[in-house]
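Undergrad: So that we are looking at the same thing, I have put the structure below in structure tokens.
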Amino acid sequence: MLKLYYTPGVCSTASHIGLEESGAKYDSQALSFATNEQKTPEYLKINPRGRVPALVVDEGAIVENTAILDYVAAKYAPHLMPKDPVQRARAISLMAWFSNTVHPNFTHVGRPERFATDTSVHDHLKAVGRENFYANLKEIDGLLAGKQWIMGDAFSVVDGYALVFYGWGKRIGLPMADLRNYTAWKDRMLARPAVKRVLEREQSVLLAA
Ligand SMILES: N[C@@H](CCC(=O)N[C@@H](CS)C(=O)NCC(=O)O)C(=O)O
């Protein structure tokens, strides 16, 4: 049995969507950051880094969205990752960039204290993070030009990951409607029953007008 540990509205939504789209049976547990449930001794046994998502499989825990999504596709839903080796490498490349660049840029906005202990520079870090994050969103908008899904004609687990950042942009009041391709694609995402189920379960900002 699979078990996903997630927190509503954070990057674990990517894995949540991937699992729901895969059709695999899974159990899930929401952890509240407000009460630091991601740092309890029980959860630290699952992910010693105290982060979500974590997916517990028969052999133990898998952490990091990129790894979880590749695993879920490989094991339960091969149609959710490109088969062609070059396209598959590009899918992993995009998820790696989401994880190592786009996500940390956003973290500067919400958690500047993770990048500098000098509080006098926190506002500056937030402003730079916001600018860099919006530049990343513009790049995603460009990647979606003329495409149905982020990897082309076929929906993939990478789409669920890209949706996380649209929601975050909306949450911090960035001009998301200006990103025409990204916004049209977001509407296609919201029309998918599995995506909608996850967003409803997480009470996502993406469902608000
Ligand atoms: N690169 C990791 C990032 C994991 C991560 O940083 N998760 C955040 C939520 S977006 C978290 O659990 N934060 C809890 C904390 O920092 O205490 C992934 O993609 O899985």
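Undergrad: Tell me, yes or no, whether the stretch 19-33 has at least one residue that is outside any helix (DSSP H, G or I), closer than 26 Å to residue 94 by Cα, touching a Pro at 6+ places or on another chain (Cβ under 7 Å) and not assigned by TED's automatic domain parsing to the domain that holds residue 151.
TA: Checking the stretch 19-33: not a single residue is outside any helix (DSSP H, G or I), closer than 26 Å to residue 94 by Cα, touching a Pro at 6+ places or on another chain (Cβ under 7 Å) and not assigned by TED's automatic domain parsing to the domain that holds residue 151.
Undergrad: Give the residues of the stretch 15-44 that are among the polar types (S, T, N, Q), surrounded by fewer than 17 Cβ atoms within 10 Å (Cβ to Cβ) and within 12 Å of the ligand (Cβ to nearest atom), sorted by residue number.
TA: Correct list: 32, 35, 36, 40.
Undergrad: Restricting attention to the stretch 102-132, report how many residues are in a helix (DSSP H, G or I), hydroxyl-bearing (Ser, Thr, Tyr) and more than 30 Å from residue 155 (Cβ to Cβ).
TA: Total meeting the criteria: 2.
Undergrad: What are the residues in the stretch 38-83 that are in a helix (DSSP H, G or I), closer than 30 Å to residue 153 by Cβ and among the charged types (D, E, K, R), if any? Break it down stepwise before answering.
TA: Going through the stretch 38-83, the residues in a helix (DSSP H, G or I) turn out to be 38-39, 41-46, 65-76, 78-80.
The next check asks that each one be closer than 30 Å to residue 153 by Cβ; those that pass are 65-76, 78-80.
Correct list: 70, 75.
Undergrad: If you go through the stretch 61-86 one residue at a time, how many are away from the ligand (no atom under 16 Å from the Cβ) and surrounded by fewer than 17 Cβ atoms within 10 Å (Cβ to Cβ)?
TA: 8
Undergrad: Does any residue of the stretch 133-144 turn out to be touching a residue at least 60 places away in the same chain (Cβ under 8 Å), in contact with a helix residue (DSSP H, G or I) (Cβ under 9 Å, 6 or more places away or on another chain) and either surrounded by 15 or more Cβ atoms within 10 Å (Cβ to Cβ) or not acidic (Asp, Glu) (or both)?
TA: To start, the set of residues in the stretch 133-144 that are touching a residue at least 60 places away in the same chain (Cβ under 8 Å) comprises none.
No.
Undergrad: Could I ask something else about it? Can you tell me which residues in the stretch 178-209 are without any contact (Cβ under 8 Å) to a residue 40 or more places away in the chain, touching a Phe, Trp or Tyr at 6+ places or on another chain (Cβ under 9 Å) and either within 17 Å of residue 13 (Cα to Cα) or not in a helix (DSSP H, G or I) (or both)?
TA: 186, 189
Undergrad: If you don't mind, another one. It is to be established whether one or more residues within the stretch 46-54 are without any contact (Cβ under 8 Å) to a residue 24 or more places away in the chain and away from the ligand (no atom under 11 Å from the Cβ).
TA: yes
Undergrad: Evaluate the following for residue 99: is it over 30 Å from residue 123 (Cβ atoms), part of a helix (DSSP H, G or I) and not assigned by TED's automatic domain parsing to the domain that holds residue 15?
TA: Here the answer is no, as residue 99 does not meet what is asked.
The values are calculated or read from the model by the stated rules, or taken from the named source; none is laboratory data. All of these numbers come straight from a predicted model, not from anything done at the bench. Ideal geometry is used to build each Cβ from the backbone, glycine not excepted, and the neighbour counts take in all protein chains shown.
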